[in-house]
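**Q** Pasting a structure below so you can have a look.
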Amino acid sequence: MALFEDLFKGKATTGIAIGLGAAILTPVVISVLGGAARPLARAAVKSGIIVYEKGKETLAEFGEVMDDLVAEARAELEKGQAQGAAITGSVAGADAAAQKPDEA
């Protein structure tokens, strides 16, 4: 802390030393951090690709399940409509048969 206090109190030599030290160390620190950051970034990209592929696969499977459910529901509706038509037709036929003896 005294170093920064001296810098602001007017000791130019200390300020120049700090400036030169920062100018010399900055490229070294950046290159070291850059060298360590590249493998980390590559690992993050790999993980992202894996997560994307798994999500894509899961979504495709979900789509297949939904297609199957929709097909089953449509088949049940068609079966229900066919049964409903048969029931309606037999009821209508029974009603017609029931009305004929009354008319005669």
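What follows draws every value from the coordinates through simple rules; no lab data is involved. These figures come from a predicted structure and were not determined experimentally. Every residue, glycine as well, gets a Cβ built from its backbone with ideal geometry; the counts of neighbours run over all protein chains shown.
**Q** Where Lys and Arg each count +1 and Asp and Glu each count -1, what net charge lies around ASP68 among other residues with Cβ under 13 Å from its Cβ? Provide the component values of the computation, followed by the final result.
**A** On the way: positive: ARG74; negative: GLU61, GLU64, ASP67, GLU72, GLU76.
Counting the neighbours of ASP68, the net charge comes to -4.
**Q** Sticking with the crude label model, points 7 Å out along Cα→Cβ, report the distance from LEU77 to LYS54 in nm, one decimal please.
**A** 3.7
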